[in-house]
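Every number here is computed from the coordinates shown, using simple stated rules; none is lab data. For clarity, every value in this text was computed on a predicted model and none was experimentally measured. Heads up, the Cβs are rebuilt from the backbone with ideal geometry, glycines too, and the neighbour counts pull from every protein chain shown.
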């Protein structure tokens, strides 16, 4: 019975500008949130980060901290010094599980700034580090290229355990491994039937991701359309209120005009009475003669 394989990703690493080799990782399938974050940062398929505005991609990102006999840390794609980066879900996401322990060299684990602060930074162990158990999420391991990891571990470092500029350790390229043949690992290959099953599984996953993205775009368009509709309705409502106010003002003006006419008529009658009295004629007679 064929064994189900985990998602695999790779780093093509350079040291001091020269190619050092490829490191291939397998990602643990039972930690989907953490592994999907790392896989997407390897492929760069998620575009720009919401918090940083930088590409969510490990390509050309350095390992900013290397401590021999401990670990190699990288993944800060925004500031490149260990103070930046973000996850594909937003700035930070919670610890998924501590079921895996730091029991050996070559383990892939999330760097953090405390509980539930996972972003894009990660580290690769070069020894067992049990003191990190329950504090950092182990989500994968090196399956090929451990000799490259050892080369990286042995570079010269300066202040803050940063590799010396002449020996900068950089991820020149990265991505998802489509098949066992692509990993250049020299490890045992699976049977063609297992490869077929794995290809189908990856194809189904890609199809599902594509479907989810399509649904997300559709939802965004719908929300935008709804927002536009509400805005238009609000504008129409405002216009109706304005017309109503103008109509009300018109009615007030009509009442005022009637009142004004009555006042004018009263003044005219008073004037005529005054004139009639002045010339010594009765008012009615004067009114008729006028």
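Note on region 7-177: along the principal axes its Cα atoms extend 35, 35, 32 Å, ordered by decreasing extent.
How large is the translational diffusion coefficient of region 33-118 in µm² per second when you combine the Kirkwood radius over alpha carbon pairs with Stokes-Einstein at 25 °C and 0.890 mPa s? Each step should come with its number before you reach the end.
Numbers: Rh = 13.6 Å.
For these conditions, the coefficient is 180 µm²/s.
Compute the separation of the alpha-carbon centres of region 149-175 and region 68-134 and state it in Å as a whole number. Between the Cα centre of region 149-175 and that of region 68-134, the gap is 17 Å. Highest mean packing first, where packing is the average number of other Cβ atoms within 10 Å per residue, the peptides 75-86, 152-163 line up as 75-86, 152-163.
Which order, highest average first, do 237-243, 52-58 follow once you tally other Cβ atoms within 10 Å for each residue and take the mean per peptide? It would help to have the intermediate numbers written out before the result.
Working: 237-243: 9.7, 52-58: 18.4.
My ranking of the peptides, most packed first, is 52-58, 237-243.
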